[in-house]
Structure formats: structure tokens, C-alpha cells
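Novice: Dumping the structure here so I can ask a few things about it.
The values are calculated or read from the model by the stated rules, or taken from the named source; none is laboratory data. No experiment lies behind these values; they were computed from the predicted model shown. Every residue, glycine among them, receives a Cβ derived from its backbone with ideal geometry; neighbour counts consider all protein chains shown.
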Amino acid sequence: MTHFSTPDGERFSWQTWIPLTEKVRATMVAIHGMGAAASDFAPLGELLTKERIAVYAPNLRGQGLDPVISRRGSELNIGQLLSDVGAVVAEVQREHPGVPLFFYGESMGSLLLIRLLTTEPPPFPIAGAILAVPVVELARPTLPVVRRVVNLIAKYFPSLVVLPQWFVSHQEKNTLHLSHDRDKQRSFENAPYLIKRFTVSFMNSMGDLIASANGAAERIRHPVLVLGAGDDEFIQTDQLLQWFDRVGSTDKTLEIFPNSYHRLLFDQDQLEVEKTLLDWLKQRF
């Protein structure tokens, strides 16, 4: 684990998986989801380094490894996060000039990636993007009246904390299933970087991010591979299919893995997921 610097002068940790003995053929920037961390991309990094693809995964601002503890679960500044990702890309391009750049986003990371893909003009060349379990709509849709109430609370009581389960499950204390593997599920529940409560301000910004991703489908023009989980508790397969149909790219692929919860790289379909993304990448460089 090393560090990178952001345009506003802060330093954040990242994890890298870089082929040491052969020339790098491509690079990938991996963006983790809400309540996750860069270390969760270990299966991806180990897979891709064998194919001479260097993987760089930053720990995001406002998440569980943010060096500023007060920001953890409190701040979701989309513009700042995209600026941080831009700093990572600049480092990657300095280390590997002229090499194709790909992205992998998981969950909230996919939503940030969608925002990046639809930025005009594009901030840098992107050879393609893998959107893993993008929550472009909640399985339990938030009613407009609830959305307005959350917006008002975020305005007047931004530091009020809530459980994210309230927006996903009907049961306040329901455990969110992330993997069918009990050991891996337990490791997520006890991860040192896990944030159990988020501020209303954070969740309100998350709602804005979901809404913007839902409306941005038509503006996506880059090659994209979308990976869905059949047992996902955050978004239903039909919702993802409807969103994918609106994606504007002429080079788009969707694969649904029926035996997985939200964390595809740690569930029963892991080998199929890895083969799918690897085959897709090999066709593009």
C-alpha cells in the first residue's frame, strides 16, 4: 500500500497490483463502493497482473480509511471524489504512458464511474469501463415524499446519522447479504474499514448520485461491460436490464450472475465473473 496526492494537497492510501517482470499491456483504475476499501480488489488485482494489466485502487475520501476520521460516513462530495480519481489517473499515466486505460467500478464506484463517463469533454482517454453491480435504482424505491423529507433533513440537520439499511430493507436491523460464503460475509461485517452509520447529508448525496446515474444512461458512449448479481438486495435484475437498454454506447455487454449477492468477486460465481471480465478486456487491447 502506498499513497497518492490530490489537487487540494491531501494524501490518500491506495493499493496497486503491478506486473514486475514484464511490460504492462494495459492499466485499470478500480473504484470501490460505499462501505468498502481498495483491499477488496485483491482478487481482481491478482487476476489481472497475470495478464500484464496493472491495477490501481484508491481508498476513497469519506469512506472507512479516509485519514480524516470526521469525514468517514459524513461527506460524499462527488466533485471532489472525481478530482481525486483524476489525480490517480494522472499518476497512472505518468507511470505507464501510452498504455490503454480501463476502469472497474463496484456499486457506488460504478455510479462515480458513470458520472466520469458522461463528463463533457472527457478528462482523459478511456479504453473501456466495467460497471459491477451499479445501483442505478434501489430495489426498494424511495418514495418522492421520502426523498423530499431526506433532502430537508440534510439541509437543516446534516450530521444526523442513519443506518443505510433503512433505504434498502423494510427491517431496520436486517443484515445486508453481500456473499453466500459465510466466512466472506462475516469478514465484510467485521471489516476494520466498515462504516455502520452515515449522515443524512451523505445519504442525500448518495440519492442524488443514484438519480444522476439513472438519467445518464443515454449519454454513455464508451465501451462498457455491466455485471449484475441475480440475488442482489440493492437492485433488482429487471431494474438493471431496463437501465442497460437505455445505455447509448454501441459497444455494450451485460452479464447477470444468478448465484451471487452484491459482492461478485467474493461469491459463488466468482470464476465466471473473472472469465467474463478477462475475455472482455482481451478483446480491447
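Novice: Restrict the check to region 205-228 and report whether at least one residue is within 19 Å of G35 (Cα to Cα), in contact with a Ser or Thr (Cβ under 6 Å, 6 or more places away or on another chain) and polar (S, T, N, Q).
Specialist: No, region 205-228 contains no residue that is within 19 Å of G35 (Cα to Cα), in contact with a Ser or Thr (Cβ under 6 Å, 6 or more places away or on another chain) and polar (S, T, N, Q).
Novice: Condition (residue is touching an Asp or Glu at 6+ places or on another chain (Cβ under 7 Å) and farther than 21 Å from Y193 by Cα) applied to region 35-55: is it met by at least one residue?
Specialist: Yes: region 35-55 contains one or more residues that are touching an Asp or Glu at 6+ places or on another chain (Cβ under 7 Å) and farther than 21 Å from Y193 by Cα.
Novice: Tell me which residues, restricted to region 111-156, are in a loop (DSSP other than H, G, I, E, B) and in contact with a strand residue (DSSP E or B) (Cβ under 9 Å, 6 or more places away or on another chain). Talk me through it step by step, then tell me what you get.
Specialist: Start the filter on region 111-156 by keeping residues that are in a loop (DSSP other than H, G, I, E, B), which leaves 118-127, 133-143.
Residues satisfying the conditions are F124, P125, I126, A127, V133, P134.
Novice: Yes or no: region 26-40 includes at least one residue that is surrounded by fewer than 16 Cβ atoms within 10 Å (Cβ to Cβ), at pLDDT 95 or above, touching a helix residue (DSSP H, G or I) at 6+ places or on another chain (Cβ under 8 Å) and not hydrophobic (A, V, I, L, M, F, W, C). Outline the logic, then answer.
Specialist: First pass over region 26-40, keeping only residues surrounded by fewer than 16 Cβ atoms within 10 Å (Cβ to Cβ): none.
Scanning region 26-40, I find no residue that is surrounded by fewer than 16 Cβ atoms within 10 Å (Cβ to Cβ), at pLDDT 95 or above, touching a helix residue (DSSP H, G or I) at 6+ places or on another chain (Cβ under 8 Å) and not hydrophobic (A, V, I, L, M, F, W, C), so the answer is no.
Novice: If you take the residues of region 123-152 that are buried (at least 16 other Cβ atoms within 10 Å of the Cβ) and either charged (D, E, K, R) or more than 22 Å from the chain's Cα centre (by Cα) (or both), which of them is modelled with the highest pLDDT?
Specialist: Within region 123-152, the match that is modelled with the highest pLDDT is E137.
Novice: E218 versus (1) surrounded by 15 or more Cβ atoms within 10 Å (Cβ to Cβ); (2) over 16 Å from V135 (Cβ atoms): which is the lone unmet condition?
Specialist: In the conditions (1) surrounded by 15 or more Cβ atoms within 10 Å (Cβ to Cβ); (2) over 16 Å from V135 (Cβ atoms), E218 misses (1) alone.
Novice: Among the residues of region 190-211, which ones are hydroxyl-bearing (S, T, Y) and out of contact with any Pro (no Cβ under 8 Å at 6 or more places or on another chain)?
Specialist: Within region 190-211, Y193, S205 qualify.
Novice: Further, regarding this structure: How many residues does region 237-257 contain that are more than 14 Å from A132 (Cα to Cα), surrounded by fewer than 19 Cβ atoms within 10 Å (Cβ to Cβ) and of a type outside the set (G, A, S)? If you could, list the steps in order and put the result at the bottom.
Specialist: Going residue by residue through region 237-257, those that are more than 14 Å from A132 (Cα to Cα) are 238-239, 242, 245-251.
Subset that is surrounded by fewer than 19 Cβ atoms within 10 Å (Cβ to Cβ): 238, 242, 245-246, 248-251.
Filter once more, keeping what is of a type outside the set (G, A, S): 238, 242, 245-246, 250-251.
Count: 6.
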